[in-house]
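Colleague: One structure, as structure tokens, below. Some questions next.
The values are calculated or read from the model by the stated rules, or taken from the named source; none is laboratory data. Because the structure is predicted, anything quoted here is derived from the model rather than measured. Here the Cβ positions follow ideal geometry from the backbone for every residue, glycine too, while neighbour counts run over all protein chains shown. Remember, those area values only see protein heavy atoms, side chains included, never the ligands or the DNA or RNA. Shrake-Rupley method; radii C 1.70, N 1.55, O 1.52, S 1.80 Å.
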Amino acid sequence: MSVAAPSSFSFEPLFFALAVAGGYGYWRLAKTVERPSGFRTFLFGLGLVLVAVPLNSPLETIAIHYLLLVHLLQNVMIADWAPPLLVLGLTPAMRAAVARRGGRWLARATRPRLVLPFWLIVWYGVHLPGFYDFALRHPLFLNVEHLLLLAAGLLFWWPVFSELPQHLSTALKLAYLGAAYVGSAFLSLALIFSSSAFYGFYEAAPRLWGLSAQKDQNLGGILMNGEQMLVFFAALSYFLMRLLSEEEEAQRALEGR
């Protein structure tokens, strides 16, 4: 059976449909709750692009036929990049409206003590060789893999940027983000330093750009480690600066009494 050319398009139309539905939902919130700024609209739109485009483009072709590196790039786009942009693209009033509609379910699902383990279980679980190879051979389960990553990412980032349905102090947010970064880093380190390929599917795949299966895996681990470092460093830096600002304000308030 011939393999699709790397430049050809492959599709997971479910995620294109999800992006369209997300755009419609955002438009409805903008009409009925609060009109967002142009910058927030840009962030939300970029998040939708990162959900739809990686899975409906030549990136999908290369990921499902040739390179683990590109498949991991897809995964970090929909798991680590799109979710925080989607949450940040909502105004506080929009988040409050979503929290009200999510009700008790969202309140439970976004509790840090529950969502952090869930996020880590999904992160490691979908990258287990047995599941990963099976998903690559069965498109339905590949959709499940990507849905799990997107859903876990949205639930994980919700309590970081939203004050509802529960409020986390800045110090707790720092601890939450730090634990997530440390807990998730072992997967990328294993991929970086492995001396043999983990995934049988990619061992048997046609080689592209002169990359062996092992080198492909090592580079994928470097990509994953580097992007997580940047994402979490940015978030941790922001909340560390905010914590210092809060402490300065509290100190000035004490001195002013």
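Colleague: Those residues that are outside any helix (DSSP H, G or I) and open to solvent by less than 50 Å² (accessible area, probe 1.4 Å), I need them from the stretch 231-257; list them, please.
Modeller: none
Colleague: Same structure again: Please determine, by comparing only the residues of the stretch 129-172 that are among the β-branched types (Val, Ile, Thr) and surrounded by 16 or more Cβ atoms within 10 Å (Cβ to Cβ), which one is nearest to the chain's Cα centre (by Cα). Write out each step before concluding.
Modeller: First pass over the stretch 129-172, keeping only residues among the β-branched types (Val, Ile, Thr): 144, 160, 170.
Of the ones still in play, those that are also surrounded by 16 or more Cβ atoms within 10 Å (Cβ to Cβ) are 160, 170.
Details: VAL160: 13, THR170: 21 Å.
Within the stretch 129-172, the match that is nearest to the chain's Cα centre (by Cα) is VAL160.
Colleague: Quick check, is PHE186 touching a Lys or Arg at 6+ places or on another chain (Cβ under 7 Å), modelled with pLDDT of 95 or more, under 26 Å from PRO112 (Cβ atoms) and not in a loop (DSSP other than H, G, I, E, B)?
Modeller: Criteria not met by PHE186.
Colleague: Only one of LEU114, LEU88 is more than 15 Å from the chain's Cα centre (by Cα) and within 21 Å of THR170 (Cβ to Cβ); which?
Modeller: LEU114
Colleague: Then there is this: Filter the stretch 185-216 down to residues that are more than 15 Å from HIS71 (Cβ to Cβ) and either touching a Cys at 6+ places or on another chain (Cβ under 9 Å) or among the small types (Gly, Ala, Ser) (or both), then give me how many there are.
Modeller: Counting residues in the stretch 185-216 that are more than 15 Å from HIS71 (Cβ to Cβ) and either touching a Cys at 6+ places or on another chain (Cβ under 9 Å) or among the small types (Gly, Ala, Ser) (or both) gives 7.
Colleague: Of the conditions (1) at pLDDT below 95; (2) within 25 Å of GLN217 (Cβ to Cβ), MET77 clears all except one; give me its number.
Modeller: MET77 satisfies all of (1) at pLDDT below 95; (2) within 25 Å of GLN217 (Cβ to Cβ) except (1).
Colleague: Only one of these is touching a Pro at 6+ places or on another chain (Cβ under 6 Å) and touching a residue at least 24 places away in the same chain (Cβ under 8 Å): LEU164, LEU149, LEU154. Name it.
Modeller: Numbers: LEU164 fails: touching a Pro at 6+ places or on another chain (Cβ under 6 Å); LEU149 fails: touching a Pro at 6+ places or on another chain (Cβ under 6 Å).
Only one candidate qualifies: LEU154.
Colleague: Report whether or not VAL76 is closer than 22 Å to LEU187 by Cα, free of Cβ contacts under 8 Å to residues at least 24 places away in the same chain, under 18 Å from the mean Cα position of the chain (by Cα) and buried (at least 21 other Cβ atoms within 10 Å of the Cβ).
Modeller: No, not satisfied.
Colleague: On to the next question. Restrict the check to the stretch 108-116 and report whether at least one residue is at pLDDT below 95 and open to solvent by less than 10 Å² (accessible area, probe 1.4 Å).
Modeller: yes
Colleague: Here is a further query. Within the stretch 201-230, which residues are of a type in the set (A, V, I, L, M) and part of a helix (DSSP H, G or I)?
Modeller: Result: ALA213, LEU219, ILE222, LEU223, MET224, MET229, LEU230.
Colleague: Let me ask something additional. Checking the conditions here, which among PHE44, PHE39 is free of Cβ contacts under 8 Å to residues at least 24 places away in the same chain and either open to solvent by less than 40 Å² (accessible area, probe 1.4 Å) or of a type outside the set (A, V, I, L, M) (or both)?
Modeller: Only one candidate passes the filter, namely PHE39.
Colleague: Moving on. Within the stretch 1-17, how many residues turn out to be surrounded by 12 or more Cβ atoms within 10 Å (Cβ to Cβ), under 23 Å from the mean Cα position of the chain (by Cα) and of a type in the set (Gly, Ala, Ser)?
Modeller: 1
Colleague: Can you pull out every residue in the stretch 194-230 that is of a type in the set (A, V, I, L, M), closer than 24 Å to VAL182 by Cβ and crowded, with 17+ Cβ neighbours inside 10 Å? Walk me through it before giving the result.
Modeller: To start, the set of residues in the stretch 194-230 that are of a type in the set (A, V, I, L, M) comprises 197, 204-205, 208, 211, 213, 219, 222-224, 229-230.
Add one more test, that the residue is closer than 24 Å to VAL182 by Cβ, and what stays is 219, 222-224, 229-230.
Once the filter is applied, which keeps residues that are of a type in the set (A, V, I, L, M), closer than 24 Å to VAL182 by Cβ and crowded, with 17+ Cβ neighbours inside 10 Å, the stretch 194-230 yields LEU219, LEU223, MET224.
Colleague: Do the conditions hold for VAL20, that is, is it crowded, with 20+ Cβ neighbours inside 10 Å and outside any strand (DSSP E or B)?
Modeller: No.
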